[in-house]
Amino acid sequence: MGDMSNSDFYAKNQINEGNHEAGFGCSVMELRSLMEMRGPEAVVKLQDDYTGTEGLCKRLKTSPTEGLAGDQTDLDKRKEIYGKNVIPPKKPKTFLQLVWEALQDVTLIILEIAALISLGLSFYHPPGDSSGEFCGAGAAGVEDEGEADAGWIEGAAILLSVVCVVLVTAFNDWSKEKQFRGLQNRIEQEQKFQVVRGSQVIQLPVSDIVVGDIAQIKYGDLLPADGVLIQGNDLKIDESSLTGESDHVKKNADKDPMLLSGTHVMEGSGRMVVTAVGVNSQTGIIMTLLGAGPEEEEKKQKKGGAVEDGHQNTGKMQDGNMESNQIKVKKQDGAAAMEMQPLKSAEGGESEEKEKKKHTGSKKEKSVLQGKLTKLAVQIGKAGLLMSAVTVIILVLYFAIDNFVLQKLPWLPECTPIYVQFFVKFFIIGVTVLVVAVPEGLPLAVTISLAYSVKKMMKDNNLVRHLDACETMGNATTICSDKTGTLTTNRMTVVQCYIGDVHYKEVPDPAALPTKSMDILINSISLNSAYTTKILPPDKEGGLPKQVGNKTECGLLGFLLDLKRDYQPIRNQIPEEKLYKVYTFNSVRKSMSTVIKLPDGSFRMYSKGASEIVLKKCSYILSEVGEVRVFRPRDKDEMVKKVIEPMACDGLRTICVAYRDFSSDPEPDWEDENSILNDLTAICVVGIEDPVRPEVPDAILKCQQAGITVRMVTGDNINTARAIAIKCGIIHPGEDFICIDGKEFNRRIRNEKGEVEQERIDKVWPKLRVLARSSPTDKHTLVKGIIDSTLGEQRQVVAVTGDGTNDGPALKKADVGFAMGIAGTDVAKEASDIILTDDNFSSIVKAVMWGRNVYDSISKFLQFQLTVNVVAVIVAFTGACITQDSPLKAVQMLWVNLIMDTFASLALATEPPTESLLKRKPYGRNKPLISSTMTKNILGHGVFQLIIIFTLLFAGEKIFDIDSGRNAPLHSPPSEHYTIIFNTFVMMQLFNEINARKIHGERNVFDGIFRNPIFCTIVFGTFAAQIVIVQFGGKPFSCQPLNLEKWMWCIFLGLGELVWGQVIASVPNSKLRFLRRAGQLTRKDDLPEEDTNEDNDEIDHAERELRRGQILWFRGLNRIQTQIRVVNAFRSSLYEGLEKPDSRSSIHNFMTHPEFRIEDSTPNLPLIDDTDDDSARRREKYSSQPSSPNKNNNAIDSGINLTIDTSRSAASSGPASPLHSLETSL
């Protein structure tokens, strides 16, 4: 085998001869094949080809102790030959590709076709001049004033507006993409790594690492490149990201020295020489394989709306952040498709969703909000499709009956083009109804809002890695926070100590201490700590010294400096290579020990760790003169009572420093930890203070006012934890709460067999405020327990902070995981959703604020959008049915669509958050998107706008004394009448946009309006554009210029919206009982089943939310829709359809029986009924229905009893009901 690989090498060397001339002793290919070896084979190969690691370093021209010189030309040469340490991301889509994608939108395609037909027909002149007289009234006036020549304008204008819409959509996608890229780079720059250059340890951005660098690796690192271990202490690596094996692999220089990029250091520390970076490293090779075949990629991309990316990126790169390269597909799969192609026709959308579910079954569920909106958009689209179809049918039938039945005209061949032109006009009207009805703006609004928030959250020290974490944070009900570094400043200082039987309340004078104890103490602290931990002089004059590395160790080193001693000379005497054996700190040991060989050949082990753990292992202690004396169990108890507990009650962390001597023969068995870490001699106990961050108590108070419970989960002693919790305001004396440690916690939540039981956790967590001495598994159990709990109406939404490698599982499990940007390990950052760049708890409060703001922005937009949709659709529909021509023309509709979809989503989605957002409780996961106040506003404004527009339509010519625009012949010039209607409509939308800024029924809608420059710009911009369109739009926009007086009237009617908004705000919701009840789903709706069948996660939360969305949607629109669609239902009773989980194809199942069963096991659903006493009786009967026993993941099975109080419901359409007048006018 050796020969073969050598001959291989020979061949490869021929190719890479150039590299050797460049002065390095090995080529890329040689190193690459070296890195493909594992274990003993690799050791043999290193010896044979390179004479071990020393030889490898020589060939790479680097020194194992001093690293590279750091000379720029040398670094550039290395980058040129061995590549840079970056994995090139996938090419972003070009603007033209995005334009092409925006053109895929079905409604736009239909419009384009209609416009082309219209264009074609306008150029066709029928032979013979007389035809006009025989073709019926419709054709009269066709040739008036040479107007026919302008027939092409409408088609051209439609095409032009389609181009506008497409460009705007593409531009939005493009800028969004650019933002993600920016975010991406930001995250990648965040990751730094320690390298030795010119014998100095420096922090480098990962992308600057080159082959030949000596990298220092420690617990919690994510390796940035491939390398060979030079020296290691107790190093264990998790290689599951490459091999899939979850067992940790032990690495040492003489058995298995190969370290691969993308793997995690789970324990220990060491140094490695970098041998492969970027695309040549193991992760890089896998990524390159994944990125293969770009043409196929493209094809798939078109089909699956970017699903591919999801898979592409599971290869996890540098910081696991390739995810966002396209759109964050990871969690927004459904929405991603919607953003790419705003709405595939209803059915297309559905099958898409199912396809995607298959692809992304394993990924985290779609965000709740995204889910609700996707479904809502699809449903509105279906309703719009129905309305537009009905519009076209009515128009065509009316025309045919009027001409061929009533006037008994024959169909003449020469009239065909004229008739076809009419039909095309009807078709265009139908399509415009559809365009206005489909809210492409919804997914856009979410994306804009999230992207905007993410950008702003950067300034608030939140680096968001997964977009929807931002929105989930707004619903958080519980924050489980670490103590050290998050609630405290993470600047450790020793303030008390116990040495030689004396408890010093402040750092003692060095002269007062026994010299023997002192010497051992100084050696112990200097050697038994990571050599990367240092105390550097302050950056600024008079500042605090800079602490680098592990903060607890910094505190101890600072203690040495306070004792007027220095640690550096001792470290220089015994450099890291000479340490005989190191037991590094981990969450199981909770201590760290270092063994050195003394000059006489015997061994000494220094140990330090949590005081109660190390003291248990001590059998001796140094006395006041520095002599060893026996340390009896009762002495230990006394020490705990007299020293450790008082220190802990002052909020100090207690650390015990100890040592033990071993004889040289027989040499102890170093692998047998239990016998080694025993019979220690205690040197001293120190109390380390870590002061609470000054802004934390305030932040925690804000959380508590906002209805969020803060729980502290820490590895510290219970007394320390309790003292800090009181300082922070997590617990207030006299309250009913629990503070327990990990042992007690486990005793309470596990049954006899040692299994965790949910109902036991449910007894503990509601009152739990502090969990001390907790292991990472306890943290994970607690988070999982709270999330799965069924107490309370809502499922809890849990945010967790973590910094250690072992926090990974809890961060992943939580709804939102916060990793520490400064103290956090790469593994923690990898598992998190948001990185706190300043490690500060108050930044979490900012995240809550932004999250709630996103939810509110979306609601504002929805309220505005639905009002416009409802009004525009009804106007177009009734106008078409009564006057055979939509009062709002196709191009005007497209303009309205542009204002309300694209611009309004920009204006309303970028409102900055205010402190008042923290004054209310969280919404909870199953709160309907459209609250009762919003429904009230949508219906109220809808009614106002409809009344005004219909008044103008049927009486406008009398009021303004102008010619009526109704029943105008084909291609007639635009009328002032219809221009006034269009202008008033737009003015009302503009002023209603200001109303939409407040959704909780506030009075002052102008509050803080100037804090949002985007909003002001858009409102004024739209107003200016409207003036231009009306005055100079002419034929393409079907507008006739208006004089000042008529403009004033239009603006006056628009201003009416603001006044009417105040009127609506004065109507208390309690008066509108039907609104209040309509928004709730009784009983608990959130099944805590996500975990029991994760493989079967097809119907996840999002799906459940989606079905809920259906009910909501009906509620918002059914009153108006049904007046047109189910006219007969007014007289009998009206039933609201709730769709079966399995028949997702049909959305309007209007039931004709008061009760229908979905499955035998589910409770009956009482539907809207118009007999008061009956409904009351029925309500009593159903509200006591038990929840269903069957536990499939169907939303319905959670026992939704939809009790809708209809005693005063408008749907019951009694003569006094507010909608009665509307019905009669219809």
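Pop out the Kirkwood hydrodynamic radius of the stretch 429-486 from its pairwise C-alpha distances, inverse of mean 1/r, in Å to one decimal.
Numbers: mean 1/r = 0.0698 Å⁻¹.
Result for the stretch 429-486, one decimal place: 14.3 Å.
Heavy atoms only, 1.4 Å probe, whole protein assembly: order 415, 649 by accessible area, highest first.
Working: 415 0, 649 80 Å².
If we order 415, 649 from most to least accessible, we get 649, 415.
Using a 1.4 angstrom probe on heavy atoms only, work out the carbon and sulfur share of the accessible area of the stretch 420-478 in %. Display every interim value, and only then the final one.
Values: 740 of 1120 Å².
Whole-percent figure for carbon plus sulfur exposure: 66.
Rg to Rh for the stretch 834-890: what is it, with Cα atoms only and Rh by Kirkwood?
On the way: Rg = 21.6 Å, Rh = 14.7 Å.
With Rg and the Kirkwood Rh in hand, the quotient comes to 1.46.
Using heavy-atom solvent-accessible surface (probe 1.4 Å) with all chains present, what is the largest-first order of 846, 91, 590?
On the way: 846 80, 91 170, 590 35 Å².
Output order, biggest surface exposure first: 91, 846, 590.
Averaging over every viewing direction, what projected area does the convex hull of the Cα atoms of the stretch 859-937 cover, in nm²?
Values: hull surface 27.4 nm².
The Cα convex hull of the stretch 859-937, projected and averaged over all directions, gives 6.8 nm².
What is the local net charge at residue 238, summed over the other residues whose Cβ is closer than 10 Å to its Cβ (Lys, Arg +1; Asp, Glu -1)?
Values: positive: 236; negative: 239, 245, 247, 267.
Local charge sum for residue 238: -3.
Keeping all protein chains in position, work out how much accessible area residue 491 exposes to a 1.4 Å probe, and write it in Å² to the nearest 10.
Number for this one is 70 Å².
Based on C-alpha coordinates, I'd like the Rg and Dmax of the stretch 714-779, in Å.
Cα-based Rg and Dmax for the stretch 714-779 come out at 12.3, 39 Å.
For residue 822, what accessible surface area do you get with a 1.4 Å probe? Give it in Å², rounded to 10.
120 Å²
Give me the log10 of I(q) over I(0) for the stretch 513-600 at q = 0.21, 0.23 Å⁻¹, as the Debye formula computes it from C-alpha points; what are the numbers?
One equal scatterer on each Cα of the stretch 513-600 leads to -1.11, -1.26.
If you add up the charges near residue 95, with Lys and Arg at +1 and Asp and Glu at -1, over every other residue whose beta carbon is less than 15 angstrom from its beta carbon, what do you get?
Details: positive: 91, 93, 176, 178, 181; negative: 101, 173, 177.
Result for the local shell: +2.
Can you pull a Stokes-Einstein diffusion coefficient for the stretch 402-457 at 4 °C (1.567 mPa s), Rh from Kirkwood over Cα pairs, as a whole number of µm²/s?
Numbers: Rh = 15.3 Å.
Estimated via Stokes-Einstein, D reaches 85 µm²/s.
Using 0.36 nm per residue, how much length does the chain from residue 791 to residue 561 gain when fully extended, once their Cα-Cα distance is taken away? Don't jump to the answer; show the numbers that get you there.
On the way: separation 230, 0.36 × 230 = 82.80 nm, distance 5.29 nm.
Full extension of this stretch gives 77.5 nm more.
Give the accessible surface of the stretch 916-1059 per residue, rounded to a whole number of Å², with probe radius 1.4 Å and ligands, DNA and RNA excluded.
On the way: 5890 Å² over 144 residues.
Per residue, the stretch 916-1059 has an accessible area of 41 Å².
When you take every Cα atom in the stretch 367-477, what is the radius of gyration, and what is Dmax, the widest Cα pair distance, in Å?
Values for the stretch 367-477 (Cα only, Rg and Dmax): 23.9, 76 Å.
Output needed: percent of Cα pairs per 5 Å distance bin for the stretch 881-998, bins running from 0 to the one holding the longest distance.
Per 5 Å bin, starting at zero, the Cα-Cα P(r) for the stretch 881-998 comes out as 2, 9, 15, 18, 17, 12, 10, 7, 5, 3, 2, 1 percent.
Calculated FRET efficiency, residue 664 and residue 642, Cβ-Cβ r, R0 56 Å, to nearest 0.05?
Numbers: r = 38 Å, r/R0 = 0.68.
E(calc), rounded to 0.05, equals 0.90.
Compute from the Cα atoms of the stretch 186-232 the Rg and the Dmax, the latter being the longest Cα-Cα distance, and quote both in angstrom.
Final numbers for Rg and Dmax: 10.5, 33 Å.
Starting from 0 in steps of 5 Å, tell me what percent of the Cα-Cα pairs of the stretch 687-799 lands in each bin.
Using 5 Å bins, I get a P(r) of 2, 11, 21, 23, 21, 14, 6, 2, 1 for the stretch 687-799.
Could you rank 482, 637 by how accessible they are, 1.4 Å probe, largest area first? Walk me through the numbers on the way to the answer.
Working: 482 20, 637 95 Å².
Ranked from most to least accessible, the order is 637, 482.
For the stretch 425-536, what value does the Rg/Rh ratio take when both radii are computed over Cα atoms and Rh is the Kirkwood radius, given to two decimals? Display every interim value, and only then the final one.
On the way: Rg = 30.4 Å, Rh = 21.2 Å.
My calculation puts Rg/Rh at 1.43.
How much accessible surface does residue 174 have with a 1.4 Å probe, in Å² rounded to 10?
We get 90 Å² for residue 174.
Evaluate the stretch 607-760: find the radius of gyration of its Cα atoms, find its Kirkwood radius, and give the ratio Rg to Rh. Working shown, then result.
Details: Rg = 19.9 Å, Rh = 18.5 Å.
When Rh is taken as the Kirkwood radius, the ratio is 1.08.
Students often check this: by mean Cβ neighbours within 10 Å, which of 744-754, 457-467 ranks highest, and how do the rest follow?
Taking the mean over residues of other Cβ atoms within 10 Å, the ranking is 457-467, 744-754.
The values are calculated or read from the model by the stated rules, or taken from the named source; none is laboratory data. What you are looking at is a predicted structure, and each value in this text was computed from that prediction instead of being measured. Neighbour counts run over all protein chains shown; Cβ positions are idealised from the backbone, glycine included. Ligands, DNA and RNA are excluded from the accessible area calculation, which covers all protein heavy atoms including side chains. Shrake-Rupley method; radii C 1.70, N 1.55, O 1.52, S 1.80 Å.
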